[in-house]
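Before any comments, here is the structure.
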Amino acid sequence: MTSDPKIWRATVLTLFPEMFPGPLGISLAGRALASGLWALEARDIRDSATDRHRSVDDTPAGGGPGMVLRADVLAAAIDATALPQDRPRLVMSPRGRPLTQARVAELAAGPGPLIVCGRFEGIDQRVIDARSLEEVSIGDYVLSGGEIAAMTLIDACVRLLPGVMGKLSSGTDESFSDGLLEYPQYTRPQSFENRQIPEILLSGDHARVAKWRLAEAEALTRSRRPDLWAVRPIAPETRNQRKRPKNTTDG
Ligand code: SAM
């Protein structure tokens with residue numbers, strides 16, 4: 001692991017450090033990790049337990065099922081990292097603000113986050129408040145722990161770091177980068193089970209291809225993600241095309 005303070009770094013607090021790097025050690029993120037374009041540190045929360053059983057959890061105050069991660073143990077684990085204040089402090093949580101590509105881009109542009117992974121029924125609220133942890137959700141469903149959610153967030157950030165995607169893609173032409181889902185992609189063979197690549201993509205006419213792709217991206221976004229479509233920033237060149245008479249809707 002590189003100790004260069006200028007390298008983007010993810011510091012993960014977890015009860016299962018052996019889950020890391022996991023999928024982050026493979027392919028694009030893994031190659032970038034091996035070549036020192038980013039750094040990963042997975043720390044065991046249990047190392048901050050103080051009793052002889054190394055307990056990290058206890059029963060919920062007020063009753064109910066399951067166990068809750070203790071505030072004192074988790075606070076000690078966070079403090080032991082001695083991270084500079086400029087590192088964002090996140091906790092993965094289904095109650096958090098949903099992760100977006102815009103937030104991912106902000107996190108990728110910074111020094112890299114501290115990420116707390118919850119387990120059990122969750123985390124004592126007092127440590128979330130006392131250590132100003134930002135709650136981040138990766139979607140409206142419940143996982144059994146925060147590790148896979150943390151990996152998701154880290155993977156999304158790492159591919160935006162300078163040098164990671166190289167010339168493969170700039171990340172600016174992808175879903176969400178301009179408020180749209182991406183247009184459909186095709187590759188050889190030209191005919192697959194009697195389905196053809198759209199003629200226009202084989203025409204070599206870059207302007208027509210770009211226009212077709214924009215139209216496809218807009219149609220997909222409008223039908224699948226009306227929430228994105230409603231708040232999409234309108235590019236100046238399409239602003240006039242999007243104007244509608246007052247008594248019609250945007251579809
Ligand atoms: N009782 C909690 C609730 O209903 O909100 C769920 C706890 S869940 C079983 C255990 C841990 O998994 C959470 O503390 C969190 O770290 C992680 N987790 C589960 N779902 C998540 C999601 N959608 N996004 C981010 N983290 C999640």
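The values are calculated or read from the model by the stated rules, or taken from the named source; none is laboratory data. Computed from a prediction, not measured in an experiment: that's the story for all the values here. When we count neighbours, we look across all protein chains shown, and the Cβ atoms used for this are built from the backbone with ideal geometry, even at glycine.
Summary table
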quantity: Qualifying residue in the range 105-125 (condition: crowded, with 19+ Cβ neighbours inside 10 Å, more than 14 Å from the ligand (Cβ to nearest atom), in the same structural domain as Arg43 (by TED's automatic domain parsing) and free of Cβ contacts under 8 Å to residues at least 60 places away in the same chain); calculated: yes
quantity: Any hit, the range 143-150, residues being in the same structural domain as Asp57 (by TED's automatic domain parsing), out of contact with any Gly (no Cβ under 9 Å at 6 or more places or on another chain), under 30 Å from Asp47 (Cβ atoms) and not small (Gly, Ala, Ser); calculated: yes
quantity: Selection within the range 44-72 - closer than 15 Å to Gly145 by Cβ and not in a helix (DSSP H, G or I); calculated: Asp44, Val56, Asp57, Gly66, Met67, Val68, Leu69
quantity: Which numbered condition Asp129 misses (of (1) within 26 Å of Met19 (Cβ to Cβ); (2) within 16 Å of the ligand (Cβ to nearest atom)); calculated: (1)
quantity: Test: residue in the range 43-53 that is in contact with a strand residue (DSSP E or B) (Cβ under 6 Å, 6 or more places away or on another chain) and surrounded by fewer than 16 Cβ atoms within 10 Å (Cβ to Cβ); calculated: no
quantity: Identity of the residue in the range 189-235, more than 19 Å from Gln101 (Cβ to Cβ) and of a type in the set (Ser, Thr, Tyr), that ends up surrounded by the fewest Cβ atoms within 10 Å (Cβ to Cβ); calculated: Ser191
quantity: Scope the range 195-207; condition assigned to a loop (DSSP other than H, G, I, E, B) and either touching a helix residue (DSSP H, G or I) at 6+ places or on another chain (Cβ under 8 Å) or not assigned by TED's automatic domain parsing to the domain that holds Arg224 (or both); matching residues; calculated: Pro198, Ser203
quantity: Criterion: over 30 Å from Val68 (Cβ atoms) and either within 16 Å of the ligand (Cβ to nearest atom) or surrounded by 15 or more Cβ atoms within 10 Å (Cβ to Cβ) (or both) - qualifying residue of Gly179, Gly146, Gly163; calculated: Gly179
quantity: Number of positions in the range 1-33 that are among the small types (Gly, Ala, Ser) and in contact with a Gly (Cβ under 8 Å, 6 or more places away or on another chain); calculated: 2
quantity: Criterion violated by Ser137 - all others in (1) near the ligand (Cβ under 8 Å from one of its atoms); (2) more than 19 Å from the chain's Cα centre (by Cα) satisfied; calculated: (2)
